[in-house]
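Report on the structure given below.
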Amino acid sequence: MHILALSHIAKTFDSGTRAVGDVSLAVEAGDFLTLVGPSGCGKSTVLRIVAGLLRPDAGAVEFPQGRPETGFVFQEPALMPWATALGNARLPLELKRVPRAEAQARAVTALERVGLGGFGNAYPRELSGGMKMRVSIARALAARPRLLLMDEPFAALDEFTRQALNDDLIKLAREDGITVLFVTHSVYESTYLSSRVAVMTPRPGRIAAEIALDPPATRDAAWRLTPEFAAEAARISRALAAATAGREAA
Amino acid sequence: MNRALRIAVPLALGALVIGLWQFLVRHNGVPVYVLPAPSDISPAFRDSFAELMAALWTTLQVTWIAFVLAFVSAMLLAVVFNLSRTVEMALFPYAVVLQVTPMVSIAPVILIWIGYEHVERAAVLIATIVAFFPILSNATVGLRSADSNLVDLFRLYGASRWQRLMRLQLPAALPYILSGVKVAGGLALIGAIVAEFVAGSGTATGLGWVITEAGRNLQIAKMFAALGLLSAVGVANFYLLTFVEWALLHRWHESAVKQNA
């Protein structure tokens with residue numbers, strides 16, 4: 001059953017930039033769908049349209065099962081510097097006027113689940129880049145999303161932190177049965193995380209190819225080194241190269 | 001530098017300057033009506049102690065009332081500006097006119113309107129006008145400075161206009177507002193003194209009046225005593241507001257964090 005269907009989405013900004021040309025995409029519940037494409041191809045714009053933060057000029061965004069509770073994780077952690085980690089994780093619940101005790105309990109749990117159990121009272125400036133991103137993920141999880149939109153969330157992190165967060169994200173999304181729509185320009189990240197990859201062309205962005213992946217039950221560092229992983233990454237790479245060259249992938 | 005040194009060094013410099021001042025005035029026989037020595041000022045301070053304290057109290061009341069009025073009205077107007085771009089476009093240029101027109105030149109008109117029998121009310125109004133603008137302009141910018149991703153997040157979670165203001169825009173504006181408040185605190189004191197200078201008579205009873213009157217009577221030592229008191233009040237006000245800023249920001253804001261280090 002589809003949780004989200006985009007049909008013929010187009011978006012041109014007031015500046016005249018045609019960000020999104022014609023994007024159609026169906027997302028199944030439980031999918032981990034990654035949008036891969038060159039910088040500026042409108043990936044982020046698609047996410048913002050799905051979130052309802054932008055209105056498309058043409059096309060339709062449909063939620064066949066009703067609009068799911070949606071979380072958004074930005075490229076920057078986007079934390080409130082004046083609030084503690086716990087205060088930040090509580091934000092969506094407070095905005096939704098969840099009773100205080102329940103909001104507190106859910107924020108505490110969310111921080112524990114991202115591995116920041118002992119850091120509830122820390123302010124963002126006291127946390128490392130990776131920890132801030134974990135708070136940002138905890139904030140999204142606290143609201144118990146069915147659909148999680150992630151806009152290059154780990155792009156600014158070092159390789160080691162990024163891989164740790166990739167593993168945690170796979171686990172958390174699976175535990176909660178969250179459907180993830182993920183944006184990245186890293187082929188390896190998309191190979192590692194996704195059940196499906198949609199490759200986009202340069203601006204104005206279109207979907208050039210959709211690639212279904214079949215990741216093993218346990219994904220770990222060893223899997224990254226296997227020929228199978230390399231072959232999957234190569235498929236995405238080739239599709240991306242073809243899309244960038246202006247041809248449809250075979 | 002450690003805390004003790006940070007207090008000791010300026011104090012030592014102050015003592016040195018006062019000692020040098022005392023020596024130069026005595027050594028060169030400078031007449032007291034040109035420049036009184038520190039040893040002339042302290043008896044003048046003691047002799048007029050009651051009068052000076054009463055004047056100080058008046059000036060402080062005017063300053064603080066004006067400061068609070070300026071703060072409340074500037075914050076309210078900044079919020080209105082934030083709610084309506086049209087109102088901001090219409091009113092902001094006039095706020096600037098009020099700011100750039102030298103207060104000494106408007107003060108006589110205000111005194112005439114309010115009347116010389118209520119100089120303290122005119123002083124409150126003048127000091128309020130002077131202190132108003134830095135808070136307004138800083139708060140207006142500050143309310144617009146919230147992280148755009150957070151603004152989006154508030155929208156995504158269906159925040160009300162009120163929630164956005166109270167939980168996002170005001171906290172984000174706080175560092176801006178506080179630096180405006182520090183400037184405004186100094187200006188409110190200046191406004192309170194200027195009003196009395198301009199009034200020159202009537203029912204003025206603050207430090208501004210003591211300075212004017214002592215100058216006319218050639219009581220230069222008393223004038224210096226009042227001046228010293230005025231500076232001390234200005235400095236105390238500034239550090240009080242700096243402390244408030246530190247107390248509100250030190251846990252999270254970079255500017256205050258760096259002061260800690």
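Values quoted throughout were computed directly from the atomic coordinates according to the rules given, and no laboratory measurement underlies them. Worth saying up front: this structure is predicted, and the values here are computed from it rather than measured. Neighbour counts are summed over all protein chains in view; Cβ atoms, including those assigned to glycine, are modelled from backbone coordinates with ideal geometry.
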Which whole-number percentage describes the relative contact order of the stretch A:78-145, with Cα contacts under 8 Å and a sequence gap of 6 or more?
47 percent
So which trypsin sites (Lys or Arg not before Pro) in the stretch B:137-217 pass both tests, a DSSP loop state and at most 15 other Cβ atoms within 10 Å of the Cβ?
B:R144
Please list, in order along the stretch A:84-97, the HN-Hα scalar couplings obtained from phi with the Karplus expression 6.51 cos²θ - 1.76 cosθ + 1.60 (θ = phi - 60°), rounded to whole Hz, x for Gly and Pro.
6, 3, 5, x, 5, 5, 7, 3, x, 6, 5, 5, 8, 6
Would the stretch B:1-59 count as rounded, prolate or oblate if I go by the C-alpha gyration tensor, calling it rounded below 1.5 in a/c and otherwise prolate when a/b exceeds b/c, oblate otherwise?
oblate
Estimated vicinal HN-Hα couplings, Hz - the stretch B:58-73 in sequence order (Karplus 6.51, -1.76, 1.60; Gly, Pro = x):
4, 4, 5, 4, 4, 4, 6, 4, 4, 4, 5, 4, 5, 4, 4, 5
Contact order relative to length for chain B, counting C-alpha pairs under 8 Å separated by 6 or more residues, stands in percent at 26 percent
Across the residues of B:151-164, average count of Cβ atoms on other protein chains within 10 Å?
5
List every residue whose amide H lies under 5 Å from the amide H of A:A78, counting only residues 5 or more places away in sequence or on a different chain, with H placed 1.01 Å from N in the peptide plane.
none
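Return the subset of A:K96/B:K182; A:K11/A:K96; A:K96/A:K132; B:K182/B:K222 for which the Cα-Cα distance in this structure is over 27 Å, preserving the input order. Provide the component values of the computation, followed by the final result.
Working: A:K96/B:K182 36 Å; A:K11/A:K96 30 Å; A:K96/A:K132 23 Å; B:K182/B:K222 29 Å.
The answer is A:K96/B:K182; A:K11/A:K96; B:K182/B:K222.
Dipole of chain A, Cα-centred, from +1 at each Lys and Arg C-beta and -1 at each Asp and Glu C-beta, to the nearest 20 debye?
With Lys and Arg at +1 and Asp and Glu at -1, about 540 debye.
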Using θ = phi - 60° and Karplus 6.51 cos²θ - 1.76 cosθ + 1.60, couplings along the stretch A:129-145 (whole Hz; Gly, Pro as x)
x, x, 5, 4, 5, 5, 4, 4, 5, 4, 4, 5, 5, 4, 7, 6, x
Between B:R3 and B:L240, what is the spin-label point distance in nm, taking each point 7 Å from the Cα along the Cα→C-beta axis?
2.2 nm
Listed residues B:S48, B:S73, B:S105, most fluctuating in chain B (Gaussian network, C-alpha, under 10 Å):
B:S105
Applying the gyration tensor rule to the Cα atoms of chain B (axes a ≥ b ≥ c; rounded if a/c under 1.5, else prolate if a/b exceeds b/c, else oblate), the class is oblate
Taking the number of other C-beta atoms within 10 Å as the exposure measure, put A:S190, B:S148 in order starting with the fewest.
B:S148, A:S190
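Is the C-alpha gyration tensor of the stretch A:143-225 telling us rounded, prolate or oblate? Criteria: a/c under 1.5 is rounded; beyond that, a/b larger than b/c is prolate, otherwise oblate. Working shown, then result.
Numbers: a/c = 1.40, a/b = 1.24, b/c = 1.13.
Since a/c stays below 1.5, the shape of the stretch A:143-225 is classed as rounded.
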Angle, helix B:207-216 long axis vs. longest principal axis of chain B, Cα atoms, 0 to 90°, nearest 10?
30 degrees
From other protein chains only, count the Cβ atoms within 10 Å of every residue's Cβ in A:91-103, then give the mean.
3
How would you rank B:W21, B:W113, A:W82, going from fewest to most other Cβ atoms within 10 Å of each one's own Cβ?
B:W113, B:W21, A:W82
10 Å Cβ neighbours from other chains, averaged over peptide A:117-129:
1
Go ahead and set up a Gaussian network model of chain B, Cα springs under 10 Å, then flag whichever of B:M89, B:M103, B:M75 fluctuates most.
B:M89
Roughly what angle does helix B:119-143 make with the longest principal axis of chain B, taking Cα atoms, 0 to 90 degrees, to the nearest 10?
40 degrees
